[in-house]
Amino acid sequence: MFVSCNIMHCYINHALYCIILSMNLRAAPIQPVTTDQDAADALLLTLADRVREARARRGMSRKILARDSRVSERYLAQLEAGKGNISILLLKQIAQALSMPLDSLLQRTDERSIDRMLIDQLLNRLSPQQLVTARANLARDFGQAHVTRQERIALIGLRGAGKSTLGARLARELDAPFIELDREVEREAATGLNEIFLLYGQAGYRRYERRALERLIEHHDRVVIATGGSIASEPGTFDLLLSTCFTVWLKARPEEHMARVIAQGDMRPIAGNKEAMDDLQRILVGRERLYRQADVAVDTGSSTIDQAYARLEQHVRHALAQRHALGESQ
């Protein structure tokens, strides 16, 4: 019986470790304890809150988290109800005695651990907006992050700007994958865009879009991405795109955007909407300030596909040349 309990404790400890790795959880700051039971209840409730919050922030169902962390849904339900296994409390006591965050005991240690712990403490004091700025600065200023950013080309702009046509051609020229982010959103949700909006609304689409972009960046150092026109409207997702990809705004006049969409056989923009052009102009004006945050802008209006592509390729080649020069200097 003693051996069986030990085996069970080992399993649950491993399960909790997988969850923390899967969701990149940060342990809550350690609070002074009053009684052993109070400390146990507080830790389990805090852990439950952190798991639920992190899962909700990522738009993950419990089933998806169970799949990604390889932990049963039943255990996750117990964990989110504040009924985690008692063995984690022993781990908390050790961390408290060492004056270390709980997750520090689960990380590999090296000579940089103290510096990383100090950086973590600094980051924990930043507001969400300051964290976005800090991440962007790190990606821009330090070595390989900047080099890798230049290898990911993201095309932004309204529908009809030429993102799919020019992006696919650029990817072939660079011998890199071409990925339309909306297709990745559909793959993430296991359904089409219309169904996503119908079932989950705009907020649901944004959650899937963020997760799709995170996975894309994680798995592709070299890629050409055609984004959805509205990605600039979601600050967190757009900041992630700007900090991890060389972004190109493909721009045109509203009339050209509309004509291209209709030429593709899509009559939805004008179906039953006499003010479609006015709406499109308002959208473009509203997003122009956001689109201007791209690294470069390429005007695809009043030009042939070949002419627009030539301008796009020129900017991208220049960015890649800078990337190779930076790589050689390091």
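Nothing in this text is a laboratory measurement; each read-out follows from the coordinates by a stated rule. Here the structure is a predicted model, which is why all the values come from computation and not from measurement. Cβ placement follows ideal geometry from the backbone for every residue including glycine, while neighbour counts extend to all protein chains displayed.
If the chain linking Leu198 and Gln307 were pulled fully straight, counting 0.36 nm for each residue of separation and taking away their Cα-Cα distance, it would gain 35.3 nm. Set the Förster radius R0 to 56 Å, insert the Cβ-Cβ distance between Ala276 and Asp41 as r into 1/(1 + (r/R0)^6), and round the FRET efficiency to 0.05. Computed FRET efficiency for Ala276 and Asp41 comes out at 0.45.
Placing one equal scatterer on every Cα of the range 207-249 and applying the Debye formula, the log10 ratio I(q)/I(0) at q = 0.13, 0.24, 0.33, 0.34 Å⁻¹ is -0.24, -0.87, -1.61, -1.65. Between Asp221 and Asn124, what is the label-point separation in nm under the 7 Å Cα-to-beta-carbon projection? Here the answer is 3.2 nm between the modelled labels. Each of the peptides 289-302, 242-255, 206-219 was scored by the mean count of other Cβ atoms within 10 Å over its residues; in descending order, highest first, they stand as 242-255, 206-219, 289-302.
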